[in-house]
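Throughout, read-outs are computed from the coordinates displayed, never taken from laboratory work. In this text the structure is predicted, and so the values were computed from the model without any measurement. Backbone-built Cβ (ideal geometry, glycine too); neighbour counts: all protein chains shown.
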Amino acid sequence: MTGRWVFVCGPSGAGKDSLISWAAQHLVQRSDVVFSRRMVTRPSFPGSEHEEVSRPKMAQLLGSGGLIWCWEANGLHYGIAAHYAAQVAAGRVVVVNGSRAHALGLHAQPQVRVVQVLAEAGQLAERLAQRGREAAPDVARRLERNALFPELRAHCTIVNESTLASAGQTLSDYLVSCATSHPPV
C-alpha cells in the first residue's frame with residue numbers, strides 16, 4: 001500500500017507556513033500524517049520552517065539520491081529528503097511545503113495531492129512586507145511572479161483571508177481525509 005504526498009502551494013504571503021504549522025500542532029497525535037522539513041538554500045534562524053543547506057550540498061544531495069523532490073523558485077533551491085518516501089510507502093500522508101511551478105507537473109501521479117492556498121493581492125503584499133525578509137524590490141518581484149501562475153488544478157483550495165484557525169482547520173480536515181482514505185500499513 002502507498003500513502004500520499006500532499007503539496008501545499010500558493011503565492012508568497014498566502015500563509016502556507018502558518019497553515020502547515022497550525023495543522024502540525026493540531027495533528028501531532030496522528031502518526032499517519034507526517035510533516036516534512038524542506039531544505040532551502042536560504043539562511044535559517046531559530047524557529048525557521050526549513051533546514052538551511054548550501055548550494056553545493058543541495059547539488060550533492062540531488063546527485064546522490066538524497067532528495068525525493070527538488071525545485072527552484074525565487075532564486076532559491078528547495079529539496080525534500082528522500083527518507084520521506086519510506087513514510088509514503090508505509091501508507092502515511094507526507095505534507096510538503098511546495099512550489100506552484102513544481103506542482104504544475106505533479107497531477108499525473110496518483111499518489112500526489114495538491115492543496116492551493118490563496119489570499120487577496122493586497123493581503124499578500126502586506127504579509128510579505130510584515131515578515132521583513134526581503135527588500136521592497138524583492139517583494140515586488142514575488143508579487144509580479146503571481147501573474148505567471150494560473151490557478152492550480154488543486155484537489156483542495158483554501159482561501160486564507162479569515163482566521164488562521166479557520167484556514168488551518170480546513171487544511172487539517174483535508175489531511176485527515178487523505179490519511180483515512182489510505183490508512184498506513
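Quick look at the values:
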read-out	value
Spatial separation of Cα centroids for the stretch 73-99 and the stretch 1-55, in angstrom	9
Value of [θ]222 nm, deg cm²/dmol, for the chain, DSSP H segments ≥ 4, -39500 (n - 2.57) each, nearest 500	-11000 deg cm²/dmol
All-pairs Cα distance distribution in the stretch 109-175, expressed in whole percent, bin size 10 Å	18, 41, 34, 7
The stretch 1-113, relative contact order in percent, only Cα pairs under 8 angstrom and at least six apart counted	44
Measure of compaction for the chain (Cα Rg per 2.2 N^0.38 Å)	1.00
Two-site FRET efficiency, Asp173 against Ala89, from Cβ-Cβ distance with R₀ of 30 Å, rounded to 0.05	0.75
Protection proxy ranking, peptides 83-90, 114-121, average beta carbon neighbours within 10 Å, highest first	114-121, 83-90
Size descriptor, Kirkwood hydrodynamic radius, that averages inverse alpha-carbon separations across the stretch 58-112, Å	12.2
At least 24 Å along the helix axis (C-alpha) and Kyte average at least 0.5, DSSP helices within the chain	164-181
Projected label distance in nm at Gln130 and Arg153, using a 7 Å step from Cα toward the beta-carbon	3.5
Shape of the stretch 28-83, Cα gyration tensor, a/c cut at 1.5	oblate
For the stretch 76-142, the fraction of alpha-carbon pairs in successive 5 Å shells from zero, as %	3, 12, 17, 20, 18, 11, 11, 7, 1
By average C-beta atoms within 10 angstrom, highest first, the peptides 62-72, 31-41, 128-138	31-41, 62-72, 128-138
Inter-probe distance in nm under a simple model that places probes 7 Å from Cα toward Cβ, at Leu164 and Asn146	2.0
Residues of the stretch 98-128 with amide N under 16 Å of the 7 Å Cα→Cβ point at Gln25	none
Unit Cα scatterers, Debye sum, the stretch 1-106: log10 I(q)/I(0) for q = 0.11, 0.12 Å⁻¹	-0.33, -0.40
Rounded to 5, the percent of DSSP beta bridges in the chain classed as antiparallel	30
